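Here the structure comes first, spelled out in C-alpha cells, and everything after it is commentary.
The values are calculated or read from the model by the stated rules, or taken from the named source; none is laboratory data. The structure displayed is predicted, hence computed values, not measured ones. All Cβ positions, glycine included, derive from the backbone under ideal geometry; neighbour counts span all protein chains shown. Ligands, DNA and RNA are excluded from the accessible area calculation, which covers all protein heavy atoms including side chains. Shrake-Rupley method; radii C 1.70, N 1.55, O 1.52, S 1.80 Å.
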Amino acid sequence: MDTALAPPASPMVRNVVAYCSAGKRRADISLEQISDVLAVDDGGFVWVGLYAPDEQLLLKMQEEFSLHPLAVEDALKAHQRPKIELYGDSLFMVLHTAQVVAGHIEFGETHIFIGPRYLLTVRHGASLPFSPARERCEKSPDLMKLGPSYGLYAVLDAVVDNYFPIVGEFQEELNELEKDIFAEDYRRETVRRLYELKRDLTQLRLAVSPMQDMLNQLMQFHPTLIRKEVRVYLRDVHDHVVRVNEAVDTMREMLTAAMSVNLSLVTVAQGEIVKRLAGWAALLAAPTLLTSWYGMNFHHMPELDGRYSYWIMIGVTAAVCVGLYFALRRAKWL
C-alpha cells in the first residue's frame, strides 16, 4: 500500500505511519487501514501514537492490532504501576513520565504495545510527544529496518533522557536552598520547599527505579520481539536509567540531611534565645530580690534608721547587677 493519506484529524491520534522493510517511511495511513497493512506480509510495520484516547479509540486499536483486552483496560484507566507484561506474541509496557511545570514536577504515563509488526504508544498526562524520537529514527533507515524494537528503543531513550533536565533543575534548586538553610533567620518557606522537593524526588524514584528491571528483561528475553541488534542500544538506555536513579538517591539523602541540619540550626537558635532571656531574667532578679526585702511589714529593721542606708542600698544593688552582668557575659549568656 503506497497511497499517502492525511493523518486523522482527531487530537487523540498523533500519528499513524507505515514503514517498509527497508526502514523507510511509506505513508501516513488511516486507522482503518492498519489491519490491511499488517495483512500484507512484506516485512514492514506500523507505528501509531495516541494521546489520552477514549474507550472507543482503544477498542478500535484492539480490533486492528488484536490486543489483549486486559492490556487495553489498563491503557484506558491510566493509573498503573511501571511494569512489563507478555500477552501472546506481544508486549505491554507501562512507563511513568515526568515534566517540570511552574517549578513543580508533574507525572504522566506512557503505555506501549509492541508486536512483531507494530508499535503503539499511548500517552496520558504530563508527557512530551515522541515525534522528535520518531523523526530521528526516520533519518536512520538502516536502523529503522530493525523493526518495532528499534522504535521501542527510541521511545524509551526519549523518556529517560527527559529525566536528566528534571534532575538538573532539582540539583540547582537544592544548591539555592542550601543558602537559606544556613541563613541567620528561620524561614518556614525553606522547610516547606525542602519537603516538597523530597516528595517530588521520591515520586521520581518510583518512576525511574522499575525501569532498570524492565530494561533487563528486554535485553535478556523476548527474542522474537526484541532484535539482538537493538539490545546494545537498550543497554545504553539502562546505563542512563542507573545514572538517573543514583542521582535521585543522592539528592534524596542530601535533602534528608538538609532537613535535619535545618531543624538542628533552628533548635540551636532557639536555645540561644532562651539562654539570653534567662540571663536577663537573672540580671533583673537580683535587684527585685533586694528591693522586695523592704516590702516586708516589720517595724524594727535597723537599716531603715541609718542616714545613708538608702544610698548604700542603691550601691549594693548596682554592684550586684554589674557583677552579674559581667559574669553572664563571660558565660556567653548575654
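Could you check what % of the DSSP bridge pairs in the chain are antiparallel, to the nearest 5? Mind dumping the intermediate values first?
Values: 33 of 39 bridges.
Percentage antiparallel, nearest 5: 85.
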- request: Select from Leu120, Met211, Val155 the residue farthest towards the positive end of the dipole of the stretch 86-224; place +1 on Cβ of Lys and Arg, -1 on Cβ of Asp and Glu, and compute about the Cα centre.
  value: Leu120
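Average projected area of the Cα convex hull of the stretch 1-108, in nm²?
Values: hull surface 33.3 nm².
One quarter of the hull surface, i.e. the mean projection, equals 8.3 nm².
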task: Excluding residues fewer than 8 places away in the same chain, name every one of the lysines whose C-alpha is closer than 19 Å to that of Lys60.
output: Lys77
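Just to confirm a number: summing +1 for Lys and Arg and -1 for Asp and Glu over residues other than Glu169 whose beta-carbon lies under 12 angstrom from that of Glu169, what do you get? Walk me through the numbers on the way to the answer.
Numbers: positive: none; negative: Glu172, Glu173, Glu176, Asp200.
My count for the surroundings of Glu169 gives -4.
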Asp236 accessible area, assembled protein chains, probe 1.4 Å, Å²: 70 Å²
message: What is the percent carbon and sulfur in the accessible area of the chain, measuring with a 1.4 Å probe over the protein chains and ignoring ligands?
response: 58 percent
- request: At 1.4 Å probe size, with no ligands or nucleic acids counted, give the accessible surface of Ser131 in Å², nearest ten.
  value: 40 Å²
field: Accessible area in the full protein assembly, largest first, 1.4 Å probe, for Phe326, Phe65
entry: Phe326, Phe65
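Can you give me the Kirkwood hydrodynamic radius for the chain, using every pair of distinct Cα atoms, in Å to one decimal? Could you put the intermediate results ahead of the total?
Values: mean 1/r = 0.0399 Å⁻¹.
Roughly 25.0 Å, rounded to one decimal.
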Helical contribution to [θ] at 222 nm, DSSP H n ≥ 4, -39,500 (n - 2.57), averaged over the chain, rounded to 500: -19500 deg cm²/dmol
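Mind checking the per residue accessible area of the chain for me, 1.4 Å probe, whole number of Å²? Working shown, then result.
Working: 18180 Å² over 334 residues.
Each residue of the chain exposes 54 Å² on average to a 1.4 Å probe.
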message: Quick check: residue separation of Lys24 and Ala52 times 0.36 nm, minus the Cα distance between them. What number comes out in nm?
response: 7.3 nm
message: What's the ranking of 269-279, 253-263 by average number of surrounding C-beta atoms within 10 Å, highest first?
response: 253-263, 269-279
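So if I average 1/r over every pair of distinct C-alpha atoms in the stretch 126-179 and take the inverse, what Kirkwood radius in Å does that give? Display every interim value, and only then the final one.
Working: mean 1/r = 0.0773 Å⁻¹.
Taking the inverse mean of 1/r over all distinct Cα pairs, the stretch 126-179 comes out at 12.9 Å.
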- line: Residues meeting the amide H criterion for Asn15 (H placed from the backbone, H to H distance under 5 Å, 5 or more places apart or on another chain) are Gly49
- request: For the stretch 37-187, just the Cα atoms, rotate onto the principal axes and tell me the three extents in Å, largest first.
  value: 73, 35, 22
- line: Any DSSP H helix in the chain with Cα axial reach of 18 Å or more and mean Kyte-Doolittle score of at least 1.0? Listed by number, the hits are 309-330
